[in-house]
Amino acid sequence: MNLVFSWSWLPKLAEGLLLTLELTAISMSVGAFFGIVLAITRIYARGPLLPLYLLASGYVHFFRGTPLLVQLMTIYFALPTVGLRFSPFSAGVLALTLNTAAYQAEYFRGAIQSVRAGQMQAALALGLSRLQALRYVILPQALRLVIPPWSNELIYMVKGSAVVYLIGATELMGQAKNIAARTFRNFEVYIVVALFYLALILVLTLILRWVERKTRVPGLGLPGRA
Amino acid sequence: MLLRVVDLHKRYGREEVLKGVSFFLEKGETKVIIGPSGTGKSTLLRCINRLTEPDRGRIWLEDVEITSPKVNINRIRAQIGFVFQDFNLFTHLTALDNVRLGLMRVKGMGKKEATARALQELARVGLADKAKAYPAELSGGQQQRVSIARALAMDPKLILFDEPTSALDPELIGEVLAVMEDLAKSGMTMLVVTHEMGFARSVADEIIFMEKGVILEQGPPEQIFYSPKHPRTAEFLRRITDLYGGNR
């Protein structure tokens, strides 16, 4: 077999890579914000706030319980029938964000709940409000604990963002598809694209490992070896 | 009267943990609550700053009713120090930041002022040199002293101690009791749940003996230790002395 690569693919692939990064960055960060809100609601909203708890739980179950692909198709192809029209990019961002928010909610919930109950008690006993306690005591610990599972979600989302090529977005996978269709060099193009994804994920993993080390505090998470 | 507790009731499911507890504390007084495990001593303390909501009964801090639904409970808690059995220092913060947090976020103090005040309180419990240490880097006794400094920094009207030495190795108990004794002498108002009978005898102005959710007897240490009026008090003290030896 005779492999043929071409430098001429690079500008388009780089463009695609950039779009993949954008898709992932926006959906992961907005998803993190909503994930935290959902997690806090699922943990603390009780009594008169019970409807909020039910709403948040319903959301999480729905978006974790249906395929990302179905969510994406619904947003891009079904919502226009009720007058909501999106570009491929914004439909992609929307689907990925809604989806990852549900998953991240569960990672954050786990992290918040693994902070010992005494921490909240001590914060309240000092006179901090529950929100202040969350902000200054619980979340700073939970955010450190959530880094390993969160990096899992990040990796998943980098690769998961590839599905938006199906609605015509020209992120990394979309560009690859175009180049392959034009050049008939399927094998070579996809090898290159796989390497792009691999490199991107390696870099992101290293960054998160660095953040994890940088924010490490004795006695919290990473207890060395069990 | 600094603290007044009237007819406090608390039930967990079927079990009634507090069955009508009433007592008071004058400013500057130290009262020690003793009694067998599971008789509601900790629940009583936690009801006083409403970390646990009492079912019935009323509590006043000076002329403010803590149990009133209209009260701003965060304000009240800022005036009542609480020292936990297992310290509960904020894991992600240094000793200095543990003491500083309440000053800055509850009292709205500036960083400079809060730092000075926090260092002063750490010095008071003998830990000025540990300001930069994280809780995990401190011994249990040191952690408990930081948590006392954290409570002191808020200028509380009263400090509640919930078995402050029960989680400590025996050789670390002394340093914590010494700090508490100094505090009592300096005129701090204290309510202490403890099994340290030596501390109770030498520091308490009054001892409260609780069993099964009620106060069976209260009085000065001499009365409780040498001529208890209730047979259950005598029996409890005998068992405690058998367990720990006569000097405690």
Fill in the blank from the handout: Length-normalised contact order of region A:9-215, Cα under 8 Å, at least 6 apart, in percent, tallies to 30
Practice task
Compute the whole-percent fraction of alpha carbon pairs in the protein assembly as shown spaced more than 34 Å apart.
Solution key: 50
Fill in the blank from the handout: Projected onto the charge dipole of region A:9-215 (unit charges on the beta-carbon of Lys, Arg, Asp and Glu, signs +1, +1, -1, -1), the Cα from A:Leu145, A:Gly83, A:Ile191 with the largest positive-side position is that of A:Leu145
Handout entry: Residues A:Val158, A:Val146, sorted so that the one with the fewest Cβ neighbours within 10 Å comes first
Key = A:Val158, A:Val146
Exercise for the section: Nearest 5 is fine: what % of DSSP beta bridges in the protein assembly as shown come out antiparallel, could you say? Expected result: 55
Exercise for the section: Using only atoms on other chains, find how many Cβ atoms lie within 10 Å of each Cβ of peptide B:102-110 and report the average. Expected result: 3
Problem - Virtual spin-label span in nm between B:Asp205 and A:Gln113, 7 Å along Cα→Cβ - result: 4.6
Practice task
Would you mind checking which residues have amide H under 5 Å from B:Thr30's amide H? H placed 1.01 Å from N; only 5 or more apart, or other chain.
Solution key: B:Met190, B:Asp205, B:Glu206
Problem - Relative packing of A:56-65, A:35-44, which averages over residues the other C-beta atoms within 10 Å, highest first - result: A:35-44, A:56-65
Practice task
Calculate the dipole size of chain B relative to its Cα centre from +1 charges on Lys and Arg beta carbons and -1 charges on Asp and Glu beta carbons; express the result in debye to the nearest 20.
Solution key: 780
Handout entry: Computed over region A:1-128: relative contact order in percent, which uses C-alpha pairs under 8 Å that are six or more apart
Key = 37
Exercise for the section: Estimate the FRET efficiency between A:Leu79 and A:Glu15 by the formula 1/(1 + (r/R0)^6), using the beta-carbon distance for r and 25 Å for R0, to the nearest 0.05. Expected result: 0.40
Exercise for the section: Taking the Cβ of B:Asn98 as the centre, find all other residues whose Cβ is under 14 Å away and add up their charges (Lys, Arg: +1; Asp, Glu: -1). Expected result: +4
Problem - Burial ordering of B:Lys185, A:Lys214, fewest other beta-carbon atoms within 10 Å first - result: A:Lys214, B:Lys185
Practice task
Give the shape of region A:115-179 as rounded, prolate or oblate, defined through the alpha-carbon gyration tensor: a ≥ b ≥ c are the square roots of its eigenvalues, a/c under 1.5 means rounded, and otherwise the shape is prolate if a/b is larger than b/c and oblate if not.
Solution key: prolate
Completion exercise
Filtering chain A for DSSP H helices with an axial alpha carbon extent of at least 27 Å and a Kyte-Doolittle mean of at least 1.0 returns A:10-44, A:186-214
Problem - Ranked packing of B:10-16, B:104-110, most packed first, by mean Cβ within 10 Å - result: B:104-110, B:10-16
Fill in the blank from the handout: Note on chain B, DSSP bridge orientation, antiparallel percent to nearest 5 equals 55
Exercise for the section: Using θ = phi - 60° and the Karplus relation 6.51 cos²θ - 1.76 cosθ + 1.60, list the HN-Hα couplings for region A:162-171 in order, rounded to whole Hz, with x at every Gly or Pro. Expected result: 4, 5, 6, 5, 5, 9, x, 6, 9, 7
Handout entry: Sequence-distant residues sharing a close amide H with B:Gly57 (under 5 Å, placed H)
Key = B:His9
Exercise for the section: Could you calculate the FRET efficiency of B:Ala123 with B:Glu171 from 1/(1 + (r/R0)^6), where r is the beta carbon distance between them and R0 is 25 Å, rounded to 0.05? Expected result: 0.60
Practice task
Calculate the mean, over all residues of peptide A:138-151, of how many other protein chain Cβ atoms lie within 10 angstrom of the residue's Cβ.
Solution key: 1
Fill in the blank from the handout: The local net charge around A:Leu220, scoring Lys/Arg +1 and Asp/Glu -1 for residues other than A:Leu220 whose Cβ lies under 14 Å from its Cβ, equals +2
Exercise for the section: Evaluate E = 1/(1 + (r/R0)^6) for A:Thr205 and A:Ala25, where r is the Cβ-Cβ distance and R0 equals 22 Å; express this FRET efficiency to the nearest 0.05. Expected result: 0.90
Practice task
For a footprinting-style exposure proxy, rank A:Trp210, A:Trp7 by other Cβ within 10 Å, fewest first.
Solution key: A:Trp7, A:Trp210
Handout entry: Rg/Rh ratio calculated on Cα atoms of chain B (Kirkwood radius)
Key = 0.97
Completion exercise
Residue-normalised 222 nm signal for chain A, counting each DSSP H run of n ≥ 4 as -39,500 (n - 2.57), nearest 500 deg cm²/dmol, is -24000 deg cm²/dmol
Exercise for the section: With a ≥ b ≥ c taken as the square roots of the eigenvalues of the C-alpha gyration tensor of region A:9-215, please select rounded if a/c is under 1.5 and otherwise prolate if a/b is larger than b/c or oblate if it is not? Expected result: oblate
Exercise for the section: In nm, give the distance between the simple-model label positions of A:Asn2 and B:Tyr12, each being 7 Å from the Cα along the Cα-to-Cβ direction. Expected result: 8.1
Practice task
Only Cα pairs under 8 Å and at least 6 apart count here; give the relative contact order of chain B as a rounded whole percent.
Solution key: 25
Handout entry: Listed pairs B:Lys70/B:Lys157; B:Lys111/B:Lys132; B:Lys132/B:Lys157 exceeding 23 Å between Cα atoms
Key = B:Lys132/B:Lys157
Practice task
Return the average number of partner chain Cβ atoms within 10 angstrom of each residue Cβ along peptide A:206-219.
Solution key: 2
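Values quoted throughout were computed directly from the atomic coordinates according to the rules given, and no laboratory measurement underlies them. Just so we're clear, the structure is a prediction, and the values are computed from it rather than from any experiment. In this analysis, Cβ positions are derived from the backbone assuming ideal geometry, glycine residues included, and neighbour counts consider all displayed protein chains.
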